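Accompanying notes for the structure given below.
The values are calculated or read from the model by the stated rules, or taken from the named source; none is laboratory data. Remember, predicted model here, so these are calculated numbers, not experimental data. All Cβ positions, glycine included, derive from the backbone under ideal geometry; neighbour counts span all protein chains shown. The protein model used for the area step is the full one, side chains on, heavy atoms only, and it has no ligands, DNA or RNA in it. Shrake-Rupley method; radii C 1.70, N 1.55, O 1.52, S 1.80 Å.
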Amino acid sequence: MESVNLINASTKSAQAPCVADAYLAAPPHHSELNAYKSALEELAIVAMCDRSGRITYVNDQFCRISGYDRSELIGAKHSLINSGHHPREFFKDMWRTIAHGRRWRGEICNRAKNGEHYWVDTTIAPMFSLAGHIQGYVSIRFDITRSKAVEAALTAEAERRGGAEALLRDIVEAIPDGVATFDRAGKLVLYNRAFRDFYAIAAPAISEGASNDSIIEYAIEHGQFATGVAASDWIRTWRSGRQNPKLQVERPLLQQLSDGRWLQMQDRYSMAGRLVTISTDVTSIKDTEQLIKRQAEQDPLTGLANRTVFQHRLTQALDRHRRKATMGAILLIDLDKFKDVNDTLGHDAGDALLVEIGRRLSRSLRRGDVVARLGGDEFAVIMPNVASRDDLIRLIGRIQADLCQPVRLARKIVNISCSIGIAIFPRDGRSPKVLLKNADIALYEAKARGRNAHCFFQPALRAHLKRRDSLTDALRTAIAGKGLDIALQPQVNLADGRHVGFEVLARWRNGGQSIAPNEFIPVGEECGLMVPLGNLILEKAASRLRDLRTKGLAPGFMAINVSAAQLKADGFVDHLTLLLARNGLDPCDVEIEVTEKVLFDKATSRITQTLFDLHALGFKIALDDFGTGYASLAHLKRFPVSRLKIDQSFVGDMTLNPRDSAIAIAIIHLAHNLDMDVVAEGIETREQLDVLKQYGCDFGQGYLLGRPLVGDDVDFYLSNISK
Ligand code: C2E
Ligand code: MG
Ligand code: MG
């Protein structure tokens, strides 16, 4: 029985011989025949039938397995025990074989009397007459029911297993992540296409049975992974994890591939001890993350560090300083007249200039220095290590020289300059906040000193700034409470010495102390207070002029200093004309004094328009402090100026310094050639007066002719001169 192959249920006419085969193979001798017979009776199910298939003989085993009595079987057709399990073809083939005199062997499923099926390994051989004709058939069967059941169970199990594995493979293939499983010995047992695709360079090393180590080593050797710090990081982690798997588990590793993609690799050990590696493509997450990081850390225009990063790096630099007693510095750099570039050449040119400045700053710095754009045209530099103050001055000189190279913008060559405020650490501060504040104070001072300057922070500057801040608050309060006053300084016709008018000068007493206009006017300009301040002066001047006239005095005109902010303000002309009308005054009663500086303001077109509107209404416009700024003849022609005021600095020295008198004389000629009047300011001596008269200066103003007057002094002065 053991020799029966249980796996193949098909016919087995070509199988190895068994007992039945041996019996049927050759006619044995009589005694042998008996031995075979009794052996067969014991072991086999034997039956004989005639040529038509009618049963002629059955042994006990046959009766037992079929459940039929011998009497029921003899004479019955063999088909009595047919189970219906086999197709017709099966028996047709069998009959064809035996009817041709050949032996047939196969596994047949029969049905017992009680309906149960049983399997028999069957050999059927034809029985021949002496004449050689087929007389009938003898069948020898062995019960294989149990082994068939085992076989069926095994087949079912195999099918189930095969199905499950196929299903598993299907699922694994469908996963977009790379999946690879390694057995306890580290050999690859299962992987999907995504895994092989991710590690395309290492693909030759990826095959079932390959070891995890060999795949990764191959991948590293053949450049599968990006090089750099991040790459060596994960390789180190992976190597240490290989020595101690516990370290690696639960902690995802981030790998960057040489093609730039990012994979997140997560290892897990299954219950059975297999290592399951899942690699997920996180490139888009990483890209977004890096974009967000860049956006959070970088100035989008120049690509330099932004304020947040700057402060962070400054904190780091200061921390390091606490450990090492070295010197460092921060620089705040502000472009001079950046707004002019924006206003005259457009914002694109302004942007291009900022980018260029960023580039120049980056290239003139040393390794370890940090350059950032804090906003607008303000840049900042951290120099964590400076050997000495001299060294720092040399570095700053180099930066300033580089930054001040002309730039080509919007097809124009533009000269640029910058102001730099410097704070040294730890001397000028140990915290980013204090250092930045002090560098800002130094920058403010550098700007105040004029263009293209640098200034080191000094504690005295802070005091200066403090005063400025307190002045700002007090000035704001004073304006709101109309607490400012005016002084009137006479102007005289030099030819006949007659009074022609007054210049209106702002006066402010703060806490019992007089503050000079040269101090509070710049404060007002910086803090945006010039419109309310100017309006207050205008109101006071107009009502004063009306009062003086009401008193029967002849004050002449009022020359009023007007700032750029006022000329730019909406409705200035309307406001002024309305004010005059309310006080019964005309435009010819007022002269507008503007300094050259005003004509260079960024909003030139706005200011020019206002000046033309004023001129059209009959206001006279005087150009104040002429000769100190940059006004050219072209400017004078472009604006509706009717009077030039020679700055007092030329008048003051004209009798001592021939060059100053030459300038004063030139201004007088120039004005006259352009059909303008000339007023000389700051006449203090008779010599000055005589020289000015000699050269034909029209009007004069100065202590010699009359100090700025306040209150009743004006009335007194006017009363006296009319006598
Ligand atoms: P400014 O318009 O050139 O005014 C003339 C300045 O020269 C006045 O100074 C005046 O007091 C001074 N001064 C007049 N004669 C002499 C002299 O003989 N010798 C000397 N050393 N100085 C003389 P102040 O009042 O200190 O004003 C300074 C500047 O402040 C003015 O220069 C003007 O630019 C500005 N300012 C004054 N009031 C106003 C105002 O209401 N609005 C505006 N926007 N600026 C004003
Ligand atoms: Mg003036
Ligand atoms: Mg002046």
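Consider Gly368 carefully, then state whether it is loosely packed, with under 13 Cβ neighbours inside 10 Å and closer than 28 Å to Ala446 by Cβ.
So Gly368 fits the description; yes.
Condition first: of a type outside the set (Lys, Arg) and assigned to a helix (DSSP H, G or I). Now tell me which residues in region 688-697 satisfy that. Can you show your working first?
Initially, region 688-697 is screened for residues of a type outside the set (Lys, Arg), giving 688-692, 694-697.
Across region 688-697, the qualifying residues are Gln688, Leu689, Asp690, Val691, Leu692, Gln694.
Give me a count of the residues in region 597-610 that are surrounded by 19 or more Cβ atoms within 10 Å (Cβ to Cβ) and within 16 Å of ligand 2 (Cβ to nearest atom).
The qualifying residues number 2.
Quick test for you: out of Leu304, Leu335, pick the one residue that is closer than 25 Å to Asp391 by Cα, touching a Gly at 6+ places or on another chain (Cβ under 6 Å) and not charged (D, E, K, R).
Answer to the selection: Leu304.
Would you check if there is a residue in region 482-491 being in contact (Cβ under 8 Å) with a residue 40 or more places away in the chain, open to solvent by 40 Å² or more (accessible area, probe 1.4 Å) and not charged (D, E, K, R)?
Checked against the condition, which is being in contact (Cβ under 8 Å) with a residue 40 or more places away in the chain, open to solvent by 40 Å² or more (accessible area, probe 1.4 Å) and not charged (D, E, K, R), region 482-491 yields no hits at all.
Filtering region 277-308 down to residues that are farther than 15 Å from Glu378 by Cα and of a type in the set (S, T, N, Q), which residue is most open to solvent (accessible area, probe 1.4 Å)?
In the first step, residues of region 277-308 are kept if they are farther than 15 Å from Glu378 by Cα; the result is 277-297.
After this cut, where a residue has to be of a type in the set (S, T, N, Q) as well, the list is 277, 279-280, 283-284, 288, 290, 295.
Working: Thr277: 9, Ser279: 0, Thr280: 42, Thr283: 24, Ser284: 79, Thr288: 72, Gln290: 76, Gln295: 125 Å².
My answer is Gln295.
Does Asn518 satisfy being assigned to a helix (DSSP H, G or I) and within 16 Å of ligand 3 (Cβ to nearest atom)? Reasoning before the result, please.
Numbers: assigned to a helix (DSSP H, G or I): yes; within 16 Å of ligand 3 (Cβ to nearest atom): yes.
Yes.
Just to be sure I understand the filter: pairs with C-beta atoms under 6 Å, separated by 6 or more residues or on different chains, first member in region 668-687 and closer than 25 Å to Pro708 by Cα and not assigned by TED's automatic domain parsing to the domain that holds Ile592, second member surrounded by fewer than 22 Cβ atoms within 10 Å (Cβ to Cβ) and at pLDDT below 95. Which pairs pass?
Within 6 Å, no pair qualifies.
Matching residues to (1) modelled with pLDDT of 95 or more; (2) within 16 Å of Lys645 (Cβ to Cβ); (3) in the same structural domain as Asp485 (by TED's automatic domain parsing); (4) touching a Gly at 6+ places or on another chain (Cβ under 7 Å):
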site	(1), (2), (3), (4)
Leu545	yes, no, yes, no
Ala554	yes, no, yes, no
Ala559	yes, yes, yes, yes
Asp570	no, no, yes, no
His575	yes, no, yes, no
Pro587	yes, no, yes, yes
Leu599	no, yes, yes, no
Lys602	no, no, yes, no
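Do we have Glu591 as out of contact with any helix residue (DSSP H, G or I) (no Cβ under 6 Å at 6 or more places or on another chain), on the phi < 0 side of the Ramachandran plot and open to solvent by less than 40 Å² (accessible area, probe 1.4 Å) here? Break it down stepwise before answering.
On the way: out of contact with any helix residue (DSSP H, G or I) (no Cβ under 6 Å at 6 or more places or on another chain): yes; on the phi < 0 side of the Ramachandran plot: yes; open to solvent by less than 40 Å² (accessible area, probe 1.4 Å): yes.
So Glu591 passes the test.
From the list Leu361, Leu465, Leu443, Leu392, which residue is within 21 Å of Glu297 (Cα to Cα) and assigned to a helix (DSSP H, G or I)?
Leu361
Could you list, ordered by first residue, the pairs with Cβ atoms under 6 Å in which the first is in region 64-78 and closer than 21 Å to Trp119 by Cβ and the second is part of a helix (DSSP H, G or I) and of a type outside the set (Ser, Thr, Tyr), at least 6 apart or interchain?
Matching pairs, first to second residue: Ser66/Ile81.
Could you please find all residues in region 538-583 being closer than 25 Å to Cys527 by Cβ, open to solvent by 20 Å² or more (accessible area, probe 1.4 Å) and in a loop (DSSP other than H, G, I, E, B)?
Ala569, Asp570, Gly571, listed by residue number.
In region 550-579, how many residues are within 22 Å of Leu529 (Cα to Cα) and more than 16 Å from ligand 1 (Cβ to nearest atom)?
Summing the residues that are within 22 Å of Leu529 (Cα to Cα) and more than 16 Å from ligand 1 (Cβ to nearest atom) in region 550-579 gives 6.
Would you point out which residue out of Pro640, Pro658 is more than 13 Å from ligand 1 (Cβ to nearest atom) and either under 52 Å from the mean Cα position of the chain (by Cα) or under 21 Å from Ala559 (Cα atoms) (or both)?
Pro640
Mind listing whichever residues of region 135-168 are closer than 18 Å to Arg105 by Cα and at pLDDT 85 or above?
The first filter runs over region 135-168 and keeps only residues closer than 18 Å to Arg105 by Cα, leaving 136-145, 147-148.
If the condition is that a residue be closer than 18 Å to Arg105 by Cα and at pLDDT 85 or above, then Gly136, Tyr137, Val138, Ser139, Ile140, Arg141, Phe142, Asp143, Ile144, Thr145 are the ones that fit.
Which of the residues spanning region 319-343 are crowded, with 16+ Cβ neighbours inside 10 Å and either at pLDDT below 90 or among the polar types (S, T, N, Q) (or both)?
His321, Met327, Asp336, Lys337, Phe338, Asp340, Val341, Asn342, Asp343
Considering region 643-656 alone, what residues qualify as being open to solvent by 60 Å² or more (accessible area, probe 1.4 Å) and more than 15 Å from ligand 3 (Cβ to nearest atom)?
Matches in region 643-656: Asp653, Thr655, Leu656.
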